[in-house]
């Protein structure tokens, strides 16, 4: 519920601004004066295991970021399924509603890879970080082709060693609350690697950080939920599962979950 | 392996493993069968198995421009030639 008193609205907006500012300060200064040292150490001294250390540093960095945000926005309650942090060696697919979603998943998974829009690889510092972390570009044009070949070539081994690949199969944030068209890539990776596919459902992060807005919205009372809906994928009996079948199964799981939720509401 | 034998094997792989329906040799793999870079990389692993040698990263990059089954066959023939010479 949002208060309508102009003074309250003003003070709440001011608070939103302050929270956003604190989060940005953490983002920039915690990276520059603390985490960058460890990233550089990992890059220069731990070359054999760079990728894994970078992923772990990303996990710690975003744990800090979300810890601050949760502390400063107490009207938002977080229901995170404790099973998620224990997921290993899986492909994780999740619906996508806010820019907070990837940060939340990184903060829950110490060894994580994901697919990132190719243009982000060109960004200074950030591009370097996601490249060394072993994240995959979404396209194969130009240098991205080499990255994709390298990452996909090692994906099975990465998953077998306990890493997770999380992907938002809709590709972009969904703004209408429904379920968008899926990109098939993640299901093809699932078919290729023959690993379990964990289906996660996330809701209400868009109420804290709405698409198109710059400030966090700390004013509303909200419950952010991230839950495991099901685990699909190949079994010893099924063998190789076609990508289209995986996609169909995952969509069905999402749709019946959304239907159940709507029926309850 | 002759081109005909290669063609038979590749078409079988595409139908059995990549869910192709009635593939034609000049079909655009992406537009007609939804074949993308992930499929290409998986297919390269199958080609490696079939040929019995590893394909270098540079050679794999060249495969990213493949558009038709005929292109795949040309690509494999070039690989074979390079590895036997």
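A short reminder: the numbers here are calculations on the coordinates, not readings from a lab. Remember, predicted model here, so these are calculated numbers, not experimental data. Here the Cβ positions follow ideal geometry from the backbone for every residue, glycine too, while neighbour counts run over all protein chains shown.
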Using the 10 angstrom Cβ neighbour count as an exposure proxy, how do A:45, A:231, A:195, A:94 rank, fewest first?
A:45, A:231, A:195, A:94
Among A:87, A:106, A:149, determine the one that fluctuates most according to a GNM of chain A built with springs between C-alpha atoms less than 10 Å apart.
A:149
Most exposed to least, judged by fewest other Cβ atoms within 10 Å, B:74, B:31, A:16, A:176 sort to A:176, B:31, B:74, A:16
Extension gain from residue A:49 to residue A:37, taking 0.36 nm per residue of separation minus the Cα-Cα distance:
2.7 nm
Projected label distance in nm at residue A:248 and residue B:50, using a 7 Å step from Cα toward the beta-carbon
2.7
Suppose only helical runs count, i.e. DSSP H with n ≥ 4. What mean residue ellipticity at 222 nm does that imply for chain B under -39500 (n - 2.57) per run, divided by all residues and rounded to the nearest 500 deg cm²/dmol?
-21500 deg cm²/dmol
Per residue of B:57-66, other chain Cβ atoms within 10 Å number on average 3
Anyone know which of A:109, A:40, A:60 comes out most mobile in the 10 Å Cα GNM of chain A?
A:40
Sticking with the crude label model, points 7 Å out along Cα→Cβ, report the distance from residue B:77 to residue B:12 in nm, one decimal please.
2.1
Rank A:245, A:227, A:51 by mean-square fluctuation in a GNM of chain A with C-alpha springs under 10 angstrom and give only the top-ranked residue.
A:245
Using a 7 Å offset from Cα along Cα-Cβ at residue B:30, what residues in segment A:104-142 end up with backbone N under 14 Å from the label point?
A:138-142
Rounded Å value of the spacing that divides the Cα centres of segment A:108-148 and segment A:5-24:
34
So for B:35, A:10, fewest C-beta neighbours within 10 Å to most, what's the order?
A:10, B:35
Could you compute the FRET efficiency for residue A:29 and residue B:2, with r as their C-beta to C-beta distance and R0 at 45 Å, rounded to 0.05?
0.10
Run the numbers on chain A and let me know its relative contact order in percent, using alpha-carbon pairs under 8 Å that are six or more apart.
24
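Can you list, largest first and rounded to whole Å, the semi-axes you get for segment A:1-112 by taking the square root of 5 times each eigenvalue of its Cα gyration tensor?
After scaling each eigenvalue by five and taking roots: 32, 20, 9 Å.
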According to the square roots a ≥ b ≥ c of the eigenvalues of the Cα gyration tensor, what is the shape class of segment B:3-84, taking rounded for a/c under 1.5, prolate for a/b larger than b/c otherwise, and oblate for the remainder?
prolate
Under a plain spin-label model, where a point goes 7 Å from the Cα along Cα-to-Cβ, how far apart in nm are residue A:240 and residue A:176?
3.6
Could you list the square roots of 5 times each eigenvalue of the Cα gyration tensor of the protein assembly as shown, that is, the equivalent ellipsoid semi-axes, sorted largest first and rounded to whole Å?
42, 24, 17
For chain A, calculated [θ]222 nm from helices alone, where every DSSP H run of n ≥ 4 adds -39500 (n - 2.57)
-14500 deg cm²/dmol
